[in-house]
RNA sequence: GCAGGAAUGGUGGAAUGGUAGACACGAGGGACUUAAAAUCCCUUGGCCUUUACCGGCUGUGUGGGUUCGAGUCCCACUUCCUGUACCA
């Protein structure tokens with residue numbers, strides 16, 4: 001039997017709950033009534049309850065754009081809402097909050113155009129989002145709402161930054177430690193033996209440290225802080241007037257707006273994310289994330305094991321440091337290459353080459369990142385200097401080329417043209433020698449990049465690699481160079497430190513002032529440092545960020561405050577912690593709340609945040625974890641990526657130079673131009689011609705060539721956007737069909753993680769299902785209570801089993817199908833069982849909460865259906881009486897036998913072989929093998 | 001180039017190695033109706049056989065393999081999607 005526990009909350013039934021329920025399914029009336037009821041009774045308010053297990057379900061909070069929500073946005077929210085409600089019905093204390101990622105470029109750009117304060121636009125948009133979200137019936141606890149632009153919230157963003165400023169990363173203990181401990185160490189031992197992650201290697205003694213003045217010490221410490229200021233190569237976007245992080249740039253243009261981006265050296269705030277690279281990589285293992293997402297992060301972190309080696313420069317005491325993963329190929333190094341930005345370039349340029357090198361550097365600087373990527377032309381210049389190969393003693397030329405990146409490794413490489421395709425292209429272009437090192441490798445056309453084969457040509461005075469496999473040769477060389485002190489084994493990461501400054505207005509101000517040019521933190525009690533008013537949101541005439549316009553933007557002592565603001569990811573990096581304890585003014589999250597809620601059990605959002613938010617959040621969380629402020633080392637235990645919902649644009653076909661439009665099926669008979677048409681004028685691909693004429697003045701006297709009396713439009717799947725006229729507003733769907741239909745339909749559309757076009761064509765089917773379910777509920781609630789029939793039990797317990805398993809597997813489309821099957825079966829059984837309706841109500845409550853709430857009260861229950869116990873299924877009810885077994889001989893089905901469902905294997909065999917047809921196929925032989933598979937097939941091999 | 005994923009009817013999509021195509025849309029037919037809408041019922045992968053019932057063959061991108069049995073596992077290939085890229 002099912003445990004019909006009553007709801008936990010004692011919400012009172014609304015007074016306008018209809019007594020005679022004999023009526024049509026009226027979604028508007030039902031949905032507004034129950035939404036009101038949820039609000040009035042605080043049904044979704046969550047509190048710490050040590051008696052119950054917690055479950056934290058989080059959506060990636062939205063950026064409230066001016067365009068409002070389209071039907072793609074709620075897809076993930078619906079899925080997470082179903083899971084939250086399901087978990088709650090199972091007795092978990094579910095935290096399911098929502099808020100807004102309120103800082104962003106569009107609001108600022110709108111502000112520049114209109115002069116309107118971005119806060120105003122943002123709040124307007126938030127209010128609009130809230131209205132749209134409320135209509136869909138989510139179980140968010142809105143009392144925990146946060147906005148990243150709220151000073152009460154960003155106080156803690158600023159506070160976290162201050163902690164990062166006040167800590168360094170210990171590379172041996174693998175954790176952040178207070179910077180004061182490092183100062184203490186320096187005063188005793190100097191830099192020698194310090195195990196701190198740094199921007200560049202510094203060497204000083206304790207005496208030197210102690211002799212430094214305040215400014216010198218601060219400059220030195222800046223090299224170690226986790227939040228630090230440094231000259232960094234940044235992605236500068238002229239059009240946006242700001243720098244961008246690596247994940248905000250794609251293919252040489254800005255992700256937002258698609259403007260060109262160039263490389264530029266600027267003094268910026270940075271976060272030492274790279275120090276956490278090993279932990280960010282290792283901890284991926286224990287996360288329940290999709291393999292593809294983990295792989296994306298692994299690639300982004302980009303661990304590579306290799307060696308760092310020093311090549312002495314001929315006739316000089318300078319040594320060139322390089323990084324390689326192919327230590328085995330040192331014998332094939334025929335030249336060296338420096339990145340144009342490398343500090344070695346100036347040191348190593350010979351006087352006779354100076355002009356050529358200068359010209360080359362100028363040319364490289366002129367090009368943007370984008371141009372460099374598009375051209376992919378081999379270019380470079382000889383410095384005039386030579387390095388000495390430490391294994392062969394031979395001199396090799398040193399070149400400069402932009403194919404070597406300053407930001408990776410040491411900004412210099414040893415070139416092995418025979419076994420690296422880039423070096424090969426360079427060598428061929430400048431006619432440098434190519435020495436193959438692997439037996440059988442043909443390097444006449446291209447390089448041999450594979451790490452396999454036997455070494456040749458690799459014997460020097462002290463080291464012989466000939467005959468070894470590549471793998472062994474690498475290991476042997478590494479050992480050799482370490483012993484000889486030529487280099488050391490080194491692990492390199494591709495992950496860069498995050499650039500943390502933005503030359504913009506609409507972001508969190510830094511709690512930083514400058515005293516004699518030295519960055520200092522404001523005292524903690526001055527937080528939050530609120531964003532000042534400015535008269536205009538553009539940079540100043542001297543090129544300073546907009547905050548340069550703010551009057552009185554100085555500290556109490558009169559020192560100037562930082563003019564940059566923080567980037568978009570700052571506010572979203574720890575928001576999941578703040579939801580746990582959103583109104584705490586003493587801490588980001590209080591100890592009690594953190595130890596109860598701990599981490600996010602289920603995080604739902606788009607995969608596009610793989611290399612941005614999801615890396616920064618993990619870093620931020622690990623930092624706070626190191627400080628002992630949060631309980632878990634990883635913030636998001638399980639993560640599900642919902643697919644994107646694309647738009648489905650409709651086209652009409654205008655015959656050239658006329659105002660006549662021809663239907664899709666006939667368009668090939670004419671010379672036509674396709675024109676996008678507002679999908680609101682189209683229903684099931686059929687155009688409403690009258691409304692089309694009214695749409696644009698140009699079309700007022702349009703004429704149509706119809707097929708079957710209809711104008712049929714063509715369609716294409718594209719991004720959902722205003723400019724394509726294909727935006728579907730969830731409000732319209734809710735208005736017409738109701739929130740429950742929208743919710744079920746979005747889930748029914750296909751697998752959650754898959755991208756798919758929005759297609760309204762199937763929505764009637766889902767709506768019909770709810771109407772039928774409504775009809776069944778009317779019938780069932782009018783009937784007296786009785787025991788379910790065996791058939792009804794089977795239908796309902798099959799449904800419980802299926803829906804439970806499907807929700808656990810996030811297979812919501814198949815659970816919706818299961819509801820449809822179950823209802824069809826009940827209809828065929830002419831069922832009017834109250835008990836069946838009761839089970840149905842509990843199961844469908846997460847999916848269609850409004851109609852479920854209605855049924856819940858029709859059935860006479862108290863409280864809200866959100867606290868209705870989740871039913872358990874009874875395996876006994878699922879048993880079939882007799883099962884049909886197709887019997888196959890040598891793989892071909894020959895006849896069918898009926899066997900009791902729970903018959904043992906031997907019994908099935910006996911019945912199958914005693915069938916009158918068996919003799920014919922056995923043909924006097926004994927069966928070699930008989931296969932019976934759980935309730936399925938018997939196959940007899942003769 | 002590299003990495004991850006996918007390929008099933010007219011469409012969206014179901015199938016712990018065990019009756020392929022659940023469910024829905026669309027389409028066709030029927031009932032009700034003066035008519036339409038709504039609603040309900042039937043048919044619906046392809047081919048063949050049959051008056052009909054019954055039945056047969058074939059079928060999950062291509063080619064192989066493992067297995068009594070493959071949409072599912074293995075190998076090779078083709079196409080598409082997503083991410084990423086001078087990362088030494």
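The values are calculated or read from the model by the stated rules, or taken from the named source; none is laboratory data. As the structure is a computational prediction, the values presented were derived from the model and not from experiment. Quick reminder, even Gly has a Cβ in these numbers, built from the backbone with ideal geometry, and neighbours come from all protein chains shown.
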(request) Taking the residues in the stretch A:679-696 that are modelled with pLDDT of 85 or more and touching a strand residue (DSSP E or B) at 6+ places or on another chain (Cβ under 9 Å) as candidates, determine which candidate is surrounded by the fewest Cβ atoms within 10 Å (Cβ to Cβ). (result) A:695
(request) Identify the residue in the stretch A:510-539 that is assigned to a strand (DSSP E or B) and touching a strand residue (DSSP E or B) at 6+ places or on another chain (Cβ under 7 Å) and, among all such residues, is nearest to residue A:555 (Cα to Cα). (result) A:513
(message) I need a count of the residues in the stretch A:743-771 that are near RNA strand B (Cβ under 10 Å from one of its atoms), under 25 Å from residue A:30 (Cβ atoms) and in contact with a helix residue (DSSP H, G or I) (Cβ under 6 Å, 6 or more places away or on another chain).
(response) 6
(request) From the list A:386, A:403, A:408, pick out the single residue that is touching a strand residue (DSSP E or B) at 6+ places or on another chain (Cβ under 7 Å) and either farther than 22 Å from residue A:452 by Cβ or part of a helix (DSSP H, G or I) (or both). (result) A:386
(request) Answer yes or no as to whether residue A:732 is near RNA strand B (Cβ under 9 Å from one of its atoms) and surrounded by fewer than 20 Cβ atoms within 10 Å (Cβ to Cβ). (result) no
(request) Being at pLDDT 90 or above and either surrounded by fewer than 21 Cβ atoms within 10 Å (Cβ to Cβ) or at negative phi (or both) narrows it down to one of A:371, A:395, A:375, so name that one. (result) A:395
(request) Report those helices (runs of 4 or more DSSP H) wholly inside the stretch A:98-209 carrying at least 2 residues which are in contact with a helix residue (DSSP H, G or I) (Cβ under 6 Å, 6 or more places away or on another chain). (result) A:105-114, A:118-134, A:179-189
(request) Tally the residues that are closer than 19 Å to residue A:412 by Cα and modelled with pLDDT under 75, restricting the search to the stretch A:340-368. (result) 1
(request) Taking residue A:799 as the residue in question, decide whether it is closer than 30 Å to residue A:869 by Cα, touching a helix residue (DSSP H, G or I) at 6+ places or on another chain (Cβ under 8 Å), within 11 Å of RNA strand B (Cβ to nearest atom) and touching a residue at least 24 places away in the same chain (Cβ under 8 Å). (result) no
(message) Looking at the structure I just gave you, is residue A:87 within 26 Å of the chain's Cα centre (by Cα), at pLDDT 95 or above and farther than 22 Å from residue A:740 by Cα?
(response) no
(request) State whether the residues of the stretch A:695-712 include one that is under 30 Å from residue A:831 (Cα atoms) and not in a helix (DSSP H, G or I). (result) no
(message) Every residue in the stretch A:501-519 that is surrounded by 24 or more Cβ atoms within 10 Å (Cβ to Cβ), under 14 Å from residue A:270 (Cα atoms) and within 26 Å of the chain's Cα centre (by Cα), please.
(response) A:501, A:502
(request) Could you please find all residues in the stretch A:645-665 being surrounded by fewer than 17 Cβ atoms within 10 Å (Cβ to Cβ) and not in a strand (DSSP E or B)? (result) A:656, A:657, A:658, A:659, A:665
(message) If I filter the stretch A:291-299 for residues that are crowded, with 23+ Cβ neighbours inside 10 Å and either within 10 Å of RNA strand B (Cβ to nearest atom) or farther than 20 Å from residue A:485 by Cβ (or both), do I get at least one hit?
(response) no
(message) Residues to consider are A:285, A:291, A:305; find the one that is closer than 24 Å to residue A:418 by Cα and at pLDDT below 90.
(response) A:305
(request) Keeping to the stretch A:47-69, report how many residues are more than 16 Å from the chain's Cα centre (by Cα), in a loop (DSSP other than H, G, I, E, B) and surrounded by 21 or more Cβ atoms within 10 Å (Cβ to Cβ). (result) 2
(request) Please go through the stretch A:398-413 and pick out each residue that is within 20 Å of residue A:316 (Cβ to Cβ) and either near RNA strand B (Cβ under 7 Å from one of its atoms) or surrounded by fewer than 17 Cβ atoms within 10 Å (Cβ to Cβ) (or both). (result) A:411, A:413
(request) Select from the stretch A:312-329 the residues that are surrounded by 16 or more Cβ atoms within 10 Å (Cβ to Cβ), closer than 18 Å to residue A:418 by Cβ and touching a strand residue (DSSP E or B) at 6+ places or on another chain (Cβ under 7 Å) and list them in ascending order. (result) A:322, A:324, A:327, A:328
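Within 13 Å of RNA strand B (Cβ to nearest atom) and either surrounded by fewer than 18 Cβ atoms within 10 Å (Cβ to Cβ) or free of Cβ contacts under 8 Å to residues at least 12 places away in the same chain (or both): which single residue out of A:809, A:822, A:790 fits that description?
A:809
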(request) Would you confirm whether any residue within the stretch A:279-286 is under 24 Å from the mean Cα position of the chain (by Cα), within 15 Å of RNA strand B (Cβ to nearest atom) and buried (at least 17 other Cβ atoms within 10 Å of the Cβ)? (result) yes
(request) Could you tell me whether any residue of the stretch A:256-275 is surrounded by fewer than 15 Cβ atoms within 10 Å (Cβ to Cβ), near RNA strand B (Cβ under 9 Å from one of its atoms) and farther than 30 Å from residue A:473 by Cβ? (result) no
(request) Taking the options A:482, A:450, A:441, name whichever one is within 16 Å of RNA strand B (Cβ to nearest atom) and either more than 19 Å from residue A:393 (Cβ to Cβ) or assigned to a loop (DSSP other than H, G, I, E, B) (or both). (result) A:450
(message) Any residue that is touching a residue at least 12 places away in the same chain (Cβ under 8 Å), under 30 Å from the mean Cα position of the chain (by Cα) and under 22 Å from residue A:648 (Cα atoms) - is there at least one of those in the stretch A:693-703?
(response) no
(request) Select from the stretch A:530-556 the residues that are crowded, with 19+ Cβ neighbours inside 10 Å and closer than 17 Å to residue A:229 by Cβ and write down the one among them that is modelled with the highest pLDDT. (result) A:547
